[in-house]
1. Looking only at segment 3-50, filter to residues that are in contact with a strand residue (DSSP E or B) (Cβ under 9 Å, 6 or more places away or on another chain) and part of a strand (DSSP E or B); which one of those is farthest from residue 108 (Cα to Cα)?
2. For segment 138-159, which residues satisfy the criterion of being surrounded by 12 or more Cβ atoms within 10 Å (Cβ to Cβ) and either in a helix (DSSP H, G or I) or modelled with pLDDT under 95 (or both)?
3. Mind checking whether some residue in segment 76-86 is of a type outside the set (Ser, Thr, Tyr), in a helix (DSSP H, G or I) and surrounded by 15 or more Cβ atoms within 10 Å (Cβ to Cβ)?
4. Any residue at all in segment 48-66 that's touching a residue at least 40 places away in the same chain (Cβ under 8 Å) and basic (Lys, Arg)?
5. The conditions are (1) modelled with pLDDT of 95 or more; (2) surrounded by 14 or more Cβ atoms within 10 Å (Cβ to Cβ); (3) not polar (S, T, N, Q), and residue 115 fails exactly one of them. Which is it?
6. Taking residue 173, is it buried (at least 17 other Cβ atoms within 10 Å of the Cβ), touching a Pro at 6+ places or on another chain (Cβ under 9 Å) and either free of Cβ contacts under 8 Å to residues at least 60 places away in the same chain or of a type in the set (A, V, I, L, M, F, W, C) (or both)?
7. Which of the residues spanning segment 11-31 are closer than 17 Å to residue 63 by Cα and either surrounded by fewer than 17 Cβ atoms within 10 Å (Cβ to Cβ) or in contact with a His (Cβ under 8 Å, 6 or more places away or on another chain) (or both)?
Amino acid sequence: MYLCNGVTPILIGRRLRLCAMTTEHASALFQVWSHPEVAHWLGAPALSSIEETKQLIDLLSQMAQEEESLRWSIIGPGEEVIGSCGYNHWQLQGAYRGEIGCDLSPAFWGHGYMKEALGLVFDFGFNIMGLNRIEALCHPDNIRAERLVYTLGFQKEGVLRQYKQVASGFQDATLHALLREEWQST
C-alpha cells in the first residue's frame, strides 16, 4: 500500500537522501547503533557485530515488506550512511497514527540532519500513508530527543510510567505527538 511494488520509496531532501536499508549499510549502521552515545538511548541490547547488524537489517526489511514497520537509512554528505529513521509501527484503521524512531551518528549531531530527515518522513506519513497523528516516545532523560521533537512541532502529552522493560528494569517514556493539521500549518 505504501511501498512501491514492495520497495521502500526513496525520499530526497536538500542535503540528504533516505533509502531502504540494505546489508551494504551494515558496517556504517553498526558504527552508529553500537556507539555508546547512541546505544544508550536505543532501549535494546547492544549489537556486538556487523553480522548481527545485517540480521537486524534483514528483519527490518522483512517488516517493511509486510508493512509492519518502515525504516530508512539516512544518506548524508559524501553518500555516507549517517543514521536511520522511520516508523516503528503504524495503525490506520480507526487511529491513523504512527510511531517514529531515529538515530544519528554523533559526528553529525547539531547540524539539522535529523530534522531534515524526519521532515521527509512526516511528509510521507501525512501525505502518502494518510496518517493523522505521529507519535514519538522518548526516554525522559534524553534531552536531545526532547529538543528535536519540540523543534519539529510536537507537543508533550505525558509520561507513560514504567512503559517498557529494559535490562535495568522498567523504564518510563515521555509521549509526544504531532497532528497532521499542526504539521501542515508550519
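The values are calculated or read from the model by the stated rules, or taken from the named source; none is laboratory data. Values in this document were obtained by computation on a predicted structure and should not be read as measured data. When we count neighbours, we look across all protein chains shown, and the Cβ atoms used for this are built from the backbone with ideal geometry, even at glycine.
1. So the residue we want is 7.
2. Answer for segment 138-159, where residues must be surrounded by 12 or more Cβ atoms within 10 Å (Cβ to Cβ) and either in a helix (DSSP H, G or I) or modelled with pLDDT under 95 (or both): 138, 139, 140, 141, 142, 144, 145, 146, 148, 149, 150, 151.
3. No, that holds for no residue.
4. no
5. Residue 115 satisfies all of (1) modelled with pLDDT of 95 or more; (2) surrounded by 14 or more Cβ atoms within 10 Å (Cβ to Cβ); (3) not polar (S, T, N, Q) except (2).
6. yes
7. Result: 22, 23.
Conditions tested, residue by residue: (1) over 13 Å from the mean Cα position of the chain (by Cα); (2) within 23 Å of residue 162 (Cβ to Cβ); (3) not acidic (Asp, Glu).
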| position | (1), (2), (3) |
| --- | --- |
| 103 | no, no, no |
| 112 | yes, no, yes |
| 117 | no, no, yes |
| 121 | no, no, yes |
| 128 | yes, no, yes |
| 131 | yes, no, yes |
| 138 | no, yes, yes |
